[in-house]
Amino acid sequence: MSDIAALPDLLERCREICAQHGNRPDALIEILHAVQAECGFLNDDALKGIAHVLNISRAEIYGVVTFYHDFRREPPPAHIMKLCRAEACHAVGSEELAQHAEARLLGHPSIGLESVYCLGNCALGPAALVDGELKARLTPAAFDALVEALEAKA
Amino acid sequence: MSAVRIFVPVDAAAQSVGANEVAAAIAREAAARGIAINLVRNGSRGMLWLEPLVEVETAAGRIAYGPVAADDVVSLFDAGFHLGGVHPLSLGLTEAIPSLAKQERLSFARCGVIDPLSLADYETHGGLAGLRCALAMQPQEVVAQITDSGLRGRGGAGFPTGIKWKTAFEQQAEQKYVCANADEGDSGTFADRMLMEGDPFALIEGMAIAGHAIGADKGYIYIRSEYPHAVATMRCAVEIWHAAALSDFRVEIRMGGGAYICGEESSMLDSIEGKRGQVRAKPPIPAISGLFGKPTVVNNVLTLAAVGDILAKGAAHYRDFGMGRSRGTQAFQLAGDVARGGLVEKAFGVTLRELVEDFGGGTRSGRPLRAVQAGGPLGAYIPASRLDIEMDYEALAAAGAMLGHGGIVLFNDSVDMAKQARFAFEFCAIESCGKCTPCRIGAVRGKEVMDKVIAGDDRESNLALVEDLCEIMTDGSLCAMGGLTPMPVLSALRHFPEDFGRE
């Protein structure tokens, strides 16, 4: 309890978000998405706060958070490029593109590269989701242009 | 003079090739020229190689231009495109474009035509008629209509929808639910996404009809988080629907967490309950004990989207499309290395060759077609020499393949089928929920053994091991994830033995 009291703002925000979802434990995934959207990731304090408000155990929340690929336990990079690595994109060169992307973004200070399995843009692959924006027909050159655009933003 | 209606799709695929930039350029240019336009952001017509496909409403009908880049907009106005003027990007009347004219659009009749979030537009184009018919009927009559239509689950399993609804209807419970499965995780599929972004009320109407039929006043739409555009559109649509007070049925949206397994209905139910998305053992089936232990109908988006049309036009109208025990139409999705990729709604019985060659136009790369994968990551690889198969649940099963959610992914001759087989195991290892051993451990071992095969390490005995492992996964897995992962693996091995070092 004392840990939560040390973070009045976070706890208060968790409380508000949970209330927006009717304080229903079944809305846990929606709540986790909402907290992560604000805080960037789900640290121990956020999990404690949500557990406290919903009156469910931290172990239960930990189990849920670690099951789903979307939830982050560490601060995210400033920009996230999610590259589709599923079959329809394989068919148009996503694996070669992924090799290029990994080399290009290795150790990059502000852009994180992640794999995703299908973005529903399967007729226009290789596809990627760049900070939430869907991209199509990516080539290594087009990928580099996206990277440069993100670097210019940061 | 009223403003001319110009349509620029808001569909995520269209956005991915610049539709927003095109829409902005059109608005800017029209303002600069003092031309009054009414810019509508519609869904996609499904001809994705033509996106962004801009349409202009004229007295003769809607005229299409595409694919349009923002840089083309000035020359389009110069050519008077807002009055239907001729331009190098002219495609003529949209409805007459052969790829669209040859389709049989029932579930996707409105998609790309209407403003997705205009309930008035929806109603003008035939929406709500099904719900009104249903509400005037007894629940049993609605169930009978669905049974008579021959509609089967479009998520992949092909279970008769009428039987599922009847089972849920017969349960005595103070609360029942209707859940729409919009966790469209199969690579090569995007029909659910297109429908939710282009005609979201069709899904809600289908759910409301299902609710009336089984006695449920509450529904959930579970949408994958990889579809942020669809989530946003559906959230707006649900608000508009509720505000219009069309029936007592209430809908809640749940966004997934990036887990493929949540497309499996029982793990989806656990996920909606706020838990880890782990597969449940069956029985009991969800129609008897589903969400929160209550009778629940879980249907795919496309199943529910077909319902309104069936009620409005009668079961026979729908049943008259199709072949054998596969009635109605299927939204096929052409993907991968395809020249004319997109959505093709056709009656069952169309051949794979017609879809791949006539609609798809072969490969985008121009390289020879080598294989297609039908039915998503758990579907079979079919060699280019076997395209004369009719698309029908039973015919595909007899050929050792499956329809799944209707995805068809084209691969050219550069594909390494051993690597694709390895990927099937790898994907299963990443996405397994971990509840049953054959899937959780089998997938990891399968990937390791395929690595040895690919490295040329004692190939024959390792391939024997792969086959053995596939048998265990098929027979022993709790759900289709582990149970069907062998399908792409074994079909690749059977049809392309040379890629595995076999004669």
What are the residues in region B:312-348 that are assigned to a helix (DSSP H, G or I) and touching an Asp or Glu at 6+ places or on another chain (Cβ under 9 Å), if any? B:ALA315, B:ALA316, B:HIS317, B:TYR318, B:ARG319
Result of the Cβ filter at 7 Å on region A:33-58, keeping first residues that are in contact (Cβ under 8 Å) with a residue 12 or more places away in the chain and partners that are outside any loop (DSSP other than H, G, I, E, B) and acidic (Asp, Glu), at least 6 apart or interchain, is A:ASP45/A:ASP3; A:LYS48/A:ASP3
Using beta carbons and a limit of 7 Å, which pairs, at least six apart or on different chains, have the first residue in region B:9-27 and under 10 Å from A:ALA136 (Cα atoms) and the second one surrounded by fewer than 19 Cβ atoms within 10 Å (Cβ to Cβ)? B:GLY18/B:ALA69; B:GLY18/B:ALA70
Count of residues meeting criterion [buried (at least 24 other Cβ atoms within 10 Å of the Cβ) and either among the charged types (D, E, K, R) or under 13 Å from the mean Cα position of the chain (by Cα) (or both)] in region B:318-339: 8
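Using the structure shown, decide if B:ILE240 is within 21 Å of B:ALA210 (Cα to Cα), assigned to a loop (DSSP other than H, G, I, E, B) and at pLDDT 95 or above. Break it down into steps so the answer makes sense when it comes.
Values: within 21 Å of B:ALA210 (Cα to Cα): yes; assigned to a loop (DSSP other than H, G, I, E, B): no; at pLDDT 95 or above: yes.
No.
When region B:205-258 is examined, which residues are found to be among the polar types (S, T, N, Q) and more than 14 Å from every other protein chain (Cβ to nearest Cβ)?
Of everything in region B:205-258, just one residue is among the polar types (S, T, N, Q) and more than 14 Å from every other protein chain (Cβ to nearest Cβ), namely B:SER247.
Tell me, yes or no, whether region B:249-257 has at least one residue that is part of a helix (DSSP H, G or I) and at pLDDT 95 or above.
Pass one, region B:249-257, residues part of a helix (DSSP H, G or I): none.
Taking every residue of region B:249-257 in turn, none turns out to be part of a helix (DSSP H, G or I) and at pLDDT 95 or above.
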Taking region B:301-354 and keeping only residues that are without any contact (Cβ under 8 Å) to a residue 12 or more places away in the chain and within 10 Å of B:SER107 (Cα to Cα), one is left with none
Residue count for region A:15-45, restricted to those that are crowded, with 16+ Cβ neighbours inside 10 Å, closer than 18 Å to A:ASP70 by Cβ and more than 12 Å from every other protein chain (Cβ to nearest Cβ): 4
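Filter region B:259-287 for residues that are part of a helix (DSSP H, G or I) and touching a strand residue (DSSP E or B) at 6+ places or on another chain (Cβ under 9 Å); which is farthest from the other protein chains (Cβ to nearest Cβ)? Explain how you work it out, then say what you get.
Pass one, region B:259-287, residues part of a helix (DSSP H, G or I): B:260-263, B:265-272.
In the following step, the residues that additionally are touching a strand residue (DSSP E or B) at 6+ places or on another chain (Cβ under 9 Å) were identified as B:262-263, B:265-266, B:268-269, B:271-272.
Working: B:CYS262: 9, B:GLY263: 11, B:GLU265: 17, B:SER266: 15, B:MET268: 11, B:LEU269: 11, B:SER271: 6, B:ILE272: 7 Å.
Here the residue is B:GLU265.
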The residue that is farthest from the other protein chains (Cβ to nearest Cβ), considering only those in region A:127-149 that are under 25 Å from B:ALA232 (Cα atoms) and small (Gly, Ala, Ser), is A:ALA128
So A:ALA101, is it facing chain B (nearest Cβ under 10 Å), in contact with a Pro (Cβ under 9 Å, 6 or more places away or on another chain) and buried (at least 17 other Cβ atoms within 10 Å of the Cβ): no
When you go through B:ARG327, B:ARG367, B:ARG353 one by one, which is the residue that is in contact with a strand residue (DSSP E or B) (Cβ under 9 Å, 6 or more places away or on another chain) and more than 24 Å from B:MET196 (Cα to Cα)? B:ARG367
Number of the exception - A:GLY120 against (1) assigned to a helix (DSSP H, G or I); (2) of a type outside the set (A, V, I, L, M, F, W, C); (3) within 14 Å of chain B (Cβ to nearest Cβ): (1)
Residue list for region B:179-204, restricted to those being touching a strand residue (DSSP E or B) at 6+ places or on another chain (Cβ under 7 Å) and more than 14 Å from chain A (Cβ to nearest Cβ): B:ALA180, B:ASN181, B:LEU203, B:ILE204
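Restricting to region A:64-98, what's the tally of residues that are among the polar types (S, T, N, Q) and either free of Cβ contacts under 8 Å to residues at least 12 places away in the same chain or away from chain B (no Cβ under 12 Å) (or both)? Steps first, please.
Of the residues in region A:64-98, the ones among the polar types (S, T, N, Q) are A:66, A:94.
Subset that is either free of Cβ contacts under 8 Å to residues at least 12 places away in the same chain or away from chain B (no Cβ under 12 Å) (or both): A:66.
Residues meeting the conditions: 1.
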Condition check for B:ASP199: surrounded by 20 or more Cβ atoms within 10 Å (Cβ to Cβ), under 23 Å from the mean Cα position of the chain (by Cα) and either at pLDDT below 95 or under 17 Å from A:LEU129 (Cβ atoms) (or both): no
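Going by the structure shown, is B:SER44 more than 14 Å from chain A (Cβ to nearest Cβ), in contact with a strand residue (DSSP E or B) (Cβ under 9 Å, 6 or more places away or on another chain) and not in a helix (DSSP H, G or I)? Walk me through it before giving the result.
On the way: more than 14 Å from chain A (Cβ to nearest Cβ): no; in contact with a strand residue (DSSP E or B) (Cβ under 9 Å, 6 or more places away or on another chain): yes; not in a helix (DSSP H, G or I): yes.
In short, no.
From the set of residues in region A:123-154 that are in a strand (DSSP E or B) and in contact (Cβ under 8 Å) with a residue 40 or more places away in the chain, which is surrounded by the fewest Cβ atoms within 10 Å (Cβ to Cβ)? Before the answer, list the steps.
Initial filter on region A:123-154 (in a strand (DSSP E or B)): A:128-130, A:133-135.
Restricting the remaining residues to those that are in contact (Cβ under 8 Å) with a residue 40 or more places away in the chain gives A:128-130.
On the way: A:ALA128: 27, A:LEU129: 22, A:VAL130: 19.
Once the filter is applied, the top-ranked residue is A:VAL130.
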Got a sec? Which helices (runs of 4 or more DSSP H) wholly within region B:415-503 have at least 3 residues that are more than 22 Å from B:TYR260 (Cα to Cα) and modelled with pLDDT of 95 or more? B:437-454, B:459-476, B:486-495
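Being part of a helix (DSSP H, G or I) and either surrounded by fewer than 24 Cβ atoms within 10 Å (Cβ to Cβ) or on the phi > 0 side of the Ramachandran plot (or both) is the filter here, so list the residues in region B:288-306 that pass it. It would help to see each step written out before you state the result.
Restricting attention to region B:288-306, the residues satisfying the condition of being part of a helix (DSSP H, G or I) are B:291-293, B:301-306.
Of everything in region B:288-306, those that are part of a helix (DSSP H, G or I) and either surrounded by fewer than 24 Cβ atoms within 10 Å (Cβ to Cβ) or on the phi > 0 side of the Ramachandran plot (or both) turn out to be B:PHE292, B:GLY293.
Evaluate the following for A:ALA152: is it within 8 Å of chain B (Cβ to nearest Cβ), more than 20 Å from the chain's Cα centre (by Cα) and aliphatic (A, V, I, L, M)?
Values: within 8 Å of chain B (Cβ to nearest Cβ): no; more than 20 Å from the chain's Cα centre (by Cα): yes; aliphatic (A, V, I, L, M): yes.
Considered against the rule, which asks whether it is within 8 Å of chain B (Cβ to nearest Cβ), more than 20 Å from the chain's Cα centre (by Cα) and aliphatic (A, V, I, L, M), A:ALA152 comes out as no.
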So, of the residues in region B:384-404 that are farther than 23 Å from B:TRP49 by Cβ and either touching a Phe, Trp or Tyr at 6+ places or on another chain (Cβ under 7 Å) or within 14 Å of chain A (Cβ to nearest Cβ) (or both), which turns out to be surrounded by the fewest Cβ atoms within 10 Å (Cβ to Cβ)? B:ASP392
Do any residues in region B:355-377 that are facing chain A (nearest Cβ under 10 Å) and under 14 Å from B:GLY407 (Cβ atoms) have Cβ atoms under 8 Å from those of residues that are charged (D, E, K, R) and outside any strand (DSSP E or B), where the two are at least six apart or on different chains, and which pairs are they? B:GLY360/B:ARG340; B:GLN373/A:GLU87; B:GLY376/B:ASP186; B:PRO377/A:GLU87; B:PRO377/B:ASP186
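The values are calculated or read from the model by the stated rules, or taken from the named source; none is laboratory data. Fair warning: this is a prediction, and the values are worked out from it, not measured in the lab. Glycine gets a Cβ as well: all are built from the backbone with ideal geometry, and neighbour counts include every protein chain shown.
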